[in-house]
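Encoded as structure tokens, the structure appears first; notes follow it.
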Amino acid sequence: MDNQKKVLLVSGSPRDGNTNYILGKISEGLRYPTETVLLKDKDIKHCIGCLSCHSKPDCGTKDDMYDLLNTMKEADIIVIGTPNYFDNVSGLLKDFIDRTHPLYKPEALKGKKLVLIMVGGGEPKGTQEFLDTSLYGFVKYHKLDMIGSHSFKGLDRNDFKKDKDLEQKINMVIEEISRV
């Protein structure tokens, strides 16, 4: 196994809650170098649909997204985590996804491994379906290789304390990433 693979963990949570907790546990368990980006701490504006990224692989909006696009290109494995907001991703993550458009035409993310994580109060099976549906276009158009998609049930941290299988579920994600 190549221990030099870079793992980028992206949290779409607007607070330090369950999504960050799960991503933190995944990061702790990996033997690869990891970098965690908390979108809540970044200045990422909405995509304004100016289409400047159609003529060059750059975005006309200047904010923290410029550096994040480069960080994504350098990563071998990307883990995206989001809380479940009305059976969809958070607004922070949606803005982030929309702003990855400059990487679309040059296929800069093609073949990169992707793992999706969603945390919310709904039943994991239903949450899983909504996560996959919400990010279908992102995965398809960037030609990412989705190696896993996982949902975790929890509205507050105490819910995780009740989940006897939580550690096993997290270890499953870690093993999935480690096989790459």
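For segment 123-143, the count of residues that are within 24 Å of ARG15 (Cβ to Cβ), at pLDDT 95 or above and either under 13 Å from the mean Cα position of the chain (by Cα) or surrounded by fewer than 17 Cβ atoms within 10 Å (Cβ to Cβ) (or both) is nonzero. Restricting attention to segment 9-36, the residues that are of a type in the set (D, E, K, R) and buried (at least 17 other Cβ atoms within 10 Å of the Cβ) add up to 1.
Counting only residues that are within 18 Å of LEU8 (Cβ to Cβ), part of a loop (DSSP other than H, G, I, E, B) and without any contact (Cβ under 8 Å) to a residue 60 or more places away in the chain, segment 75-105 holds 3 of them. Just one of the numbered conditions (1) farther than 20 Å from ALA108 by Cα; (2) at pLDDT below 95 is not true of ILE177: (2).
If you go through segment 1-57, how many residues are outside any strand (DSSP E or B), more than 17 Å from TYR85 (Cα to Cα) and in contact with a Leu (Cβ under 8 Å, 6 or more places away or on another chain)? Of the residues in that region, 6 qualify.
Candidates are the residues of segment 135-170 that are assigned to a helix (DSSP H, G or I) and in contact with a helix residue (DSSP H, G or I) (Cβ under 7 Å, 6 or more places away or on another chain); the one that is nearest to VAL7 (Cα to Cα) is ILE170.
Just one of (1) surrounded by fewer than 20 Cβ atoms within 10 Å (Cβ to Cβ); (2) more than 17 Å from ILE174 (Cβ to Cβ) fails for LYS6. It is (2).
Scanning segment 108-122 for residues that are within 24 Å of ASP16 (Cα to Cα) and hydrophobic (A, V, I, L, M, F, W, C), we see that the one that is surrounded by the most Cβ atoms within 10 Å (Cβ to Cβ) is MET118.
The values are calculated or read from the model by the stated rules, or taken from the named source; none is laboratory data. Since the model is a prediction, treat every value here as computed from it, not as a measurement. Here Cβ is always computed from backbone atoms with ideal geometry, including for glycine, and neighbour counts include all displayed protein chains.
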